[in-house]
Structure formats: structure tokens, C-alpha cells
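Input: a single structure, listed below in C-alpha cells.
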Amino acid sequence: MEFYMLDSTLVVALMGEIDHHTCVAIRQAVDRNYQKKRAKNLLFDFEKVTFMDSSGIGMLMGRYRLAAIGGGRIGLYNVPKDIERILKMSNVCKLMKAYSNKQEALKELA
Amino acid sequence: MPKRNEMQIQFLSQSVNEAFARVAISAFITQLDPTVEELYDIKMAVSEAVTNAIIHGYEDKEDGIVAIKCGYQDKVIDITIIDEGKGIKSVEEAMQPLYTTSLEEERAGLGFTVMQEMMDEVEVCSHPGLGTTVKMKKSLEK
Ligand SMILES: Nc1ncnc2c1ncn2[C@@H]1O[C@H](COP(=O)(O)OP(=O)(O)O)[C@@H](O)[C@H]1O
Ligand SMILES: [Mg+2]
């Protein structure tokens, strides 16, 4: 997992498989970085994510709440087709948009 | 000749075994030469059922036993996930989209919905105090 700030947005490059087991570490690291870097928005890069089940949806909803408390928003980009499917099955689509690239995401979130 | 095969595995109810279950089922199903999408669907459904056994069935106690039975006949795959955990009071209610009993945790309540979406048939049999059995079926395309 990689973290970096672009203006007030914390970009999180997720990696590998997102399930109930791996969500524990993801949640901790994202929340810690979000507080430490005093970020407002959260942007998840899904390029290197190879699998995500409904535990990942729960994790994203939790991060949505975190950002909302900080007055920010949350976005996703580079979402693989398989993962787009589970996003559509849930209603997280209403809470966060999947952008086609980082530039577009940053512009919309700013 | 019709192709037929069966396997069974069991493991302790530890979350690290969610990935193990996906890898094990993939290795077995690969014998049927599924498409990438079909394999992904099956991994998703198994991941959901195994996760449920671990977090809901055994409530994060790490010494429960989760069993997976899988068999195929030609292109029809049967997968059963069994736990001897706390069971479900109302299966009908539990299977509603967005329904979850883990309120303090970040659960989406979509596990059963995902299983139904990924597989052709999902059948849940559960008795409070005795455990839960999830039976799923999927036919491969070609
Ligand atoms: N194996 C199981 N043992 C006991 N309860 C279960 C089991 N599987 C599912 N449940 C119950 O059904 C509910 C819905 O499951 P699911 O759709 O996977 O959503 P989630 O796991 O996000 O809560 C769970 O919250 C739980 O109460
Ligand atoms: Mg579940």
C-alpha cells in the first residue's frame, strides 16, 4: 500500500486482495495516514487490486464516513472490471464515484 | 466419458484462511478450464461464505472448523461450505440485501447477495446452535 498527498487529497494505492482479513490492516493504515497528514479527501487507486469481496465494500463505506467527518469526499480510479461489478451491486456508487483517471478525480474532488 | 471429481478440505476459522480457501477452490476448478470471469465469480462466492462462517458462525473464535466440499460432473460445479457455529435464526431475513447483524463492524450486508449473483443456485440451511450449510451450484459455459 502506498500513500501520498496531492493538495488536500490523500491518495491510497491499494494492492493485492481485499477481503475481511486484509481489510484490518488497510483500515488501520488509511485511518492513521488520513489523521497524520491532515487530509480532507480520500482517493483510492485500484490499479493493483486483484480481488475484492463485500468486506471491501464495508471498508470503503467506513472510509466514506471518515472523510465525511473531516468535511471531505472520497473517490476511486483505475477500477478493474470485476471490481466495478461489486461496486454496482452495492450502493457505494451513490457515495463515491469511480473516475477514469487521477487527473479527473482530483479535479472533481477539489 | 463424463468428467467427475470431488474434493474436501477443512481448516480452522481464522481469517488468514479466507485467501487459502480461494486459492484451494481455484486450483480444483481449474481442472475444468473455466474462463477468468467464471473463476473470479466462484472465488467471490466462496470468499463470502467462508468469511461468514468465520465472523458470524464462529464469531471470530479461531478454533472452529470450516469445511468446503466441492465436486463437478461435466461442467456443473457444486460447492458446499459448512460451519458448526451459532447458526442463523431467520435465513430469509439474513439473505435480504444490506441485512447485517454486525453493526459496530463495517459490514456491507451483501455476502448472500454476492453469492446469488455469482452462482446459479444458492441454498442455505441453518439451525441456531448447530451451524450453517451453504450449498451453491454453477454451470460453466462451454
Ligand atoms: N455462517 C453463518 N453463521 C451465522 N450467521 C450467519 C452466517 N452467514 C451469514 N449469517 C448472518 O447473515 C447476515 C448477512 O450475511 P451477509 O449477507 O454475508 O452480510 P454481512 O456478512 O456483511 O453481515 C450476517 O450479518 C449474519 O447475521
Ligand atoms: Mg458476509
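The values are calculated or read from the model by the stated rules, or taken from the named source; none is laboratory data. As the structure is a prediction and not an experimental result, all values here were calculated from the model. For neighbour counting, all protein chains shown are included, and Cβ atoms are generated from backbone atoms with ideal geometry for every residue, glycine included. Each accessible area value is taken on the protein alone, full model and side chains, heavy atoms only, with ligands, DNA and RNA left out. Shrake-Rupley method; radii C 1.70, N 1.55, O 1.52, S 1.80 Å.
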| task | Could you list all residues from segment B:28-65 that are near ligand 1 (Cβ under 10 Å from one of its atoms) and of a type in the set (Asp, Glu)? | result | B:GLU48, B:GLU59
| field | Selection within segment B:82-104 - closer than 17 Å to B:TYR58 by Cα, within 14 Å of chain A (Cβ to nearest Cβ) and within 8 Å of ligand 1 (Cβ to nearest atom) | value | B:ALA94, B:THR100, B:THR101, B:SER102
| query | What number goes with the only condition from (1) in a helix (DSSP H, G or I); (2) open to solvent by 80 Å² or more (accessible area, probe 1.4 Å) that A:ARG38 does not pass? | reply | (1)
| Inter-residue pairs, beta-carbon under 7 Å, first among the basic types (Lys, Arg) and in segment B:52-66, second more than 10 Å from ligand 2 (Cβ to nearest atom) and modelled with pLDDT of 95 or more, 6+ apart | B:LYS61/B:SER13
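Just to be sure I understand, how many residues within segment B:13-72 are in a strand (DSSP E or B) and more than 28 Å from B:PRO128 (Cβ to Cβ)? Break it down stepwise before answering.
Just the residues of segment B:13-72 that are in a strand (DSSP E or B), to begin with: B:65-72.
With more than 28 Å from B:PRO128 (Cβ to Cβ) added as a condition, the list becomes B:71-72.
The number of residues fulfilling the criteria is 2.
Being open to solvent by 60 Å² or more (accessible area, probe 1.4 Å) and of a type outside the set (S, T, N, Q) narrows it down to one of A:MET59, A:MET89, A:MET15, so name that one.
Numbers: A:MET59 fails: open to solvent by 60 Å² or more (accessible area, probe 1.4 Å); A:MET89 fails: open to solvent by 60 Å² or more (accessible area, probe 1.4 Å).
Matching residue, one of A:MET59, A:MET89, A:MET15: A:MET15.
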| Top-ranked residue in segment B:20-58 [being acidic (Asp, Glu) and over 13 Å from the mean Cα position of the chain (by Cα); ranked as surrounded by the fewest Cβ atoms within 10 Å (Cβ to Cβ)] | B:ASP33
| task | Tell me which residues, restricted to segment B:102-142, are open to solvent by 100 Å² or more (accessible area, probe 1.4 Å), at pLDDT 95 or above and part of a loop (DSSP other than H, G, I, E, B). | result | B:LEU130
